[in-house]
Amino acid sequence: LGQGTTLTLALPLTKEAAHDERGGYFGRADRAPGRRSEPAVLVFDPSKYLHRVFQRYLDGYRVLYASTAASMRQQLKRRPVQAIVIAETEAEGHTSTPFKEVLDGHARLPVVRCYFSQMHGRFSQHATRVPILLKPVTRESLFSALRKVAPQPARCLIVDDEAEMRTLLERMVLSFAPGCRVYFGEDGEDALRQIQGDLPDVVLLDIRLGGISGTDVLQELRRQADTASLPVILITGFDQEDEVIRVTNVTLSRGNALPVGVAMRWLSVGLDAILGRRSNAGGDAATPVG
């Protein structure tokens, strides 16, 4: 390469790169030795957003995801996985996916069923049907939410206290709806003023705002007759313990049953986490934290 050389790259960079349901491309970088050595967990996620909770918090595991029975079969054929997690929400109810057929030949795989409560506390009565996007927001997740609540928005209000996030969301919205007029609110008070003066077709609302929070803004909108049905998409960084998505039930099973020792170790670790206790690596009795 000499002076003035121009390089042109096309994505994905390698022929072996492919797009999977995690929302992005994976290729050689994803197959680096460190990544290859991580055990893989396949999350079945019809909602198409809960799997990102596992990707963010399940350290030491490579999280794959499937949203349909067909894509689940493809993932199981494509690469070995060490466990399957079924992510469900109260709104969706228990999935009717034919897991006996999907897991044919995979009886030894442990299956963890996580039942999520989408909303909790005073927020639940106002936001049961509101889409929630987790940061970093992807084009796919935003487009999917917009198609559901505002497929042809002419005016969009973006409320976020970070300028970079507002700019990123604006670009995505304009990509989804060219010609849409996008305007901004920097905090909850500003959002309510903007909505009173210029009613949008949809609001992208960050939950973590200074002053009036996004949840407070939503409650106020739902109390007013002229904004009670205003389409809102919530956005959260998911960095606090009191998030709007909680796990209400977790079960563990395996087709050919679990040895009682394995079941007791799993139960012990779960109880330690709930009770705030720390177990020694050697398996001694847990000691209280703090």
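The values are calculated or read from the model by the stated rules, or taken from the named source; none is laboratory data. Keep in mind that what you see is a predicted model, and the values were worked out from it rather than measured. FYI the Cβ positions are ideal-geometry reconstructions off the backbone, even for glycines, and counts take in every protein chain you see. The accessibility values were calculated without ligands, DNA or RNA, using every heavy atom of the protein model including side chains. Shrake-Rupley method; radii C 1.70, N 1.55, O 1.52, S 1.80 Å.
For Met165, what is the net charge nearby, where nearby means another residue's Cβ is under 10 Å from its Cβ and Lys, Arg count +1, Asp, Glu -1? Working shown, then result.
Details: positive: Lys135, Arg166; negative: Asp160, Asp161, Glu162, Glu164, Glu170, Asp206.
Around Met165, the charge tally is -4.
For the pair Arg246 and Ser229, label points projected 7 Å from Cα toward Cβ lie 3.2 nm apart. The length gained by stretching the chain between Ala83 and Leu258 to full extension, at 0.36 nm per residue less their Cα-Cα distance, is 61.7 nm.
Which sequence of Asp190, Asp160 reflects their accessible areas, 1.4 Å probe, from the largest down?
Numbers: Asp190 30, Asp160 0 Å².
Greatest to least solvent exposure: Asp190, Asp160.
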